[in-house]
């Protein structure tokens, strides 16, 4: 099968992932699946870069304590941090243990107390790194608030009063829509299921990563047309791709949605070993 790179053929983004050339408008969803180290974060970071380059979308990126946005630093992309009010965020270098000044990383640091305020503060030029209530394993109350924060953000994006398209890049999507949860999270997932339908109509494209499709709630999973399988991904039973994906090289993906081609992501360089500590005050 042929191999493609976004560097030599950026049109592949449009043709295989977005379909926006032929439809002129409307958002789409793509779920990037693969085991740890398969290249998911590199893929979603590269998609954000190419999406901005090709479509000039407003880019919204989920922030977490793992600082997956650090790939953008070497790309010389300016980033604004949108920090939820009531949170204290500190950065440190995982190699040296030394603290990193947030001002040295981000162009601007903005605070928000609701989804609507966040949407009004989004930069249309820089990447928007959004830190909500942090996801916390073993803390159900905080997990619910994390989900409510993103539900509010997606709702507010759909109600925005400007017409530029939006791309949301959400690493580790299973944190937001896990399979097999209690009623409170289930009700939030039910609302998110309806929001994904609205996203398409309101020109919001979502790129999402997960380790396994089995970790994503079925109501959400069935609404996502595009699947990008990387090394170790397990296809759905209904998938037309029958290949064993365990041996795919790092950074290589097979896309399912309309065409079935294999291509290679380019190397974004070494991941910066940055870690965030985010505390609710």
The range 11-280 - percent relative contact order, Cα under 8 Å, separation 6 or more: 32 percent
Ranked packing of 225-233, 107-115, 241-249, most packed first, by mean Cβ within 10 Å: 225-233, 107-115, 241-249
What percentage of all Cα-Cα pairs in the range 97-167 are separated by more than 20 Å? 42 percent
Compare the peptides 171-181, 62-72, 91-101 by average per-residue count of other Cβ atoms within 10 angstrom and give them in order, highest first. 62-72, 171-181, 91-101
Rg to Rh ratio, the range 11-280, alpha-carbon atoms and Kirkwood radius? 0.93
Sort the following peptides by mean Cβ neighbour count (other Cβ atoms within 10 Å, averaged over residues), highest first: 184-192, 151-159, 39-47. 39-47, 151-159, 184-192
Estimated FRET transfer efficiency when R0 is 30 angstrom, pair residue 238-residue 198 (beta carbons, to 0.05): 0.75
Would you mind ranking 35, 205, 133 so that the residue whose beta carbon has the fewest other beta carbons within 10 Å leads the list? 35, 133, 205
Find how many whole Å separate the alpha carbon centroid of the range 219-244 from the alpha carbon centroid of the range 30-50. 14 Å
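FYI, it's all coordinate maths here, none of it is from the lab. Note that the structure is predicted; figures quoted are calculated from it, not measured. Counting neighbours? That spans all protein chains shown, and the Cβs are built from the backbone with ideal geometry, glycine included.
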